[in-house]
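Encoded as structure tokens, the structure appears first; notes follow it.
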Amino acid sequence: MSSSLRTTLPTLLALLIGYALMQTGNTLQGTLLSVRGSLEGFSPAEVGAVGAAFWVGIVLGSLWAGHVIQQVGHTRTFAGLAAVAASAALLHLLVIDPLVWIVARALTGFCFAGLFVVVESWLNASAAPQTRGQILGLYGMTGLIAGIGGQMLLPASDPAGFRLFCLVAILISLALVPVALSRATAPTDAVGEVKINLRRLYRLSPFGVVAAILCGITTSSFFALGPVWAAARGADTVGIAIIMACGTLGGFVTTWPLGWLSDRMDRRHVIIGASAMASVILLALVNFVPSDIPLWLVCFYVVVFGGSVISTYSIVIAHVNDMVRPGEFVAAAGGLLILQGIGAAAGPVIAGMAMTAFGRIGLPYVIVAAQALMALWGIYRSLQRPSPASKESFVPEPAVPVGTELGAR
């Protein structure tokens, strides 16, 4: 660790702790809603719609949050949105209805987008150019670790009861404490206006635009309906938690190796290989692996799958940044957020409808279709355009990327 990083990191430690707490609550809530929705008799399509609503809120909130931060500051924005997000978690418990859950989940996504904008813009504005990549790497790894922790909290109580919803609200509320009590000074001008041009972004990187949408379809479908799929295979609450955590664990293990590899070869080839691996592993799991295999073997498949797909979006962003000019990094990040959000909103709905029509195999086949399209599109684009001669350094992105100045590295 460099001396400049050792100097900067303590001032941002409270912010990273707050982020870890709210991300732990967020991942627990996502899995809990899928499990509880199934217990309440929601169809897979309805569970998918609840999951999709979160991403609709993420996109809308990320576009709105910068204005609020400029008006009232980082700390007040964080406090207000965290309070609303904690309240929304309890609303799911008070009213058991798919439509109410969809609205509440969209509100949660809206609030979390603002919370992520606060954290990312604060980190980005506080980091020196020589430490920004390391700090943002720590940020991405913190999100993945918190995601694993949130999944593993599911067996702490019965999903059919009220305690887990209360735990989600407590975790999100506790995220306020280190941020509110920190002596670190929030930046006064960390979020600016960004002009996003999706048509120009497509001209600069056709592969990146399509891949961002397909990444959204894949990851949101898995996290929204993976618990339903695991339950349909016979997993209990502990098994569901372990399976979902293994998906995130796979992403944690492979993010740096795949990023390192993408810095040294055509990033599209890395994405093609990862997409092909995800497709093969899912097809094998559906067609050749019996339902009564031990849990550890299912987890092995899910770890490989998660390692193939969760880190892909970070490589897509790095690929697009290779294509754009330095002054366009922020706009490119915002455009990719919108595209990924569109895919993430559509993915659970499509996968939920497929599961309603075809049973549990609907989810893996939707994901396989998305990954196969990504691989084929990558092969085609590789034949049309060579890899860029110069590259930006790879930086791992968090599980829920937000369009802020995070991209300006």
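The values are calculated or read from the model by the stated rules, or taken from the named source; none is laboratory data. What you see is a predicted model, and the numbers here were worked out from it, not measured in a lab. Ideal geometry is used to build each Cβ from the backbone, glycine not excepted, and the neighbour counts take in all protein chains shown. Protein only, heavy atoms only, side chains kept; ligands, DNA and RNA dropped before computing areas. Shrake-Rupley method; radii C 1.70, N 1.55, O 1.52, S 1.80 Å.
Observations, loosely collected:
- Those residues of the stretch 369-409 which are part of a helix (DSSP H, G or I), modelled with pLDDT under 65 and under 23 Å from Pro257 (Cα atoms), in sequence order: Leu406, Gly407
- Subset of the stretch 235-281 [surrounded by 22 or more Cβ atoms within 10 Å (Cβ to Cβ) and charged (D, E, K, R)]: Arg267, Arg268
- Filter pass, Arg163 being basic (Lys, Arg), at pLDDT 95 or above and open to solvent by 50 Å² or more (accessible area, probe 1.4 Å): yes
- In the stretch 39-74, residue farthest from Val168 (Cα to Cα) [restricted to those that are open to solvent by 60 Å² or more (accessible area, probe 1.4 Å) and in contact (Cβ under 8 Å) with a residue 40 or more places away in the chain]: Gln70
- Selection from the stretch 75-95 of residues that are surrounded by fewer than 14 Cβ atoms within 10 Å (Cβ to Cβ) and either in contact with an Asp or Glu (Cβ under 7 Å, 6 or more places away or on another chain) or part of a helix (DSSP H, G or I) (or both): Leu94
- Contacts under 7 angstrom Cβ, first residue in the stretch 301-316 being free of Cβ contacts under 8 Å to residues at least 60 places away in the same chain and farther than 20 Å from Phe288 by Cα, partner open to solvent by 10 Å² or more (accessible area, probe 1.4 Å) and part of a helix (DSSP H, G or I), 6 or more apart: Gly307/Val253; Gly307/Thr254
- Tally, over the stretch 194-242, of residues that are in contact with a Lys or Arg (Cβ under 8 Å, 6 or more places away or on another chain), in a helix (DSSP H, G or I) and within 30 Å of Ala160 (Cβ to Cβ): 3
Results for (1) over 18 Å from the mean Cα position of the chain (by Cα); (2) assigned to a helix (DSSP H, G or I); (3) at pLDDT 85 or above; (4) over 22 Å from Ser205 (Cα atoms), shown as yes or no for each residue.
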{"residue": "Phe305", "(1), (2), (3), (4)": "no, yes, yes, yes"}
{"residue": "Ile315", "(1), (2), (3), (4)": "no, yes, yes, no"}
{"residue": "Val349", "(1), (2), (3), (4)": "no, yes, yes, yes"}
{"residue": "Gly359", "(1), (2), (3), (4)": "yes, yes, yes, yes"}
{"residue": "Ile367", "(1), (2), (3), (4)": "no, yes, yes, yes"}
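- Any hit, the stretch 268-280, residues being at pLDDT below 95 and in contact with a Lys or Arg (Cβ under 6 Å, 6 or more places away or on another chain): no
- Some residue of the stretch 176-197 being surrounded by 24 or more Cβ atoms within 10 Å (Cβ to Cβ), β-branched (Val, Ile, Thr) and at pLDDT 90 or above: no
- Condition check for Leu99: in a helix (DSSP H, G or I), over 22 Å from the mean Cα position of the chain (by Cα) and surrounded by fewer than 22 Cβ atoms within 10 Å (Cβ to Cβ): yes
- Matching entry among Val210, Val280, Val298, Val289 (being among the β-branched types (Val, Ile, Thr) and under 20 Å from the mean Cα position of the chain (by Cα)): Val210
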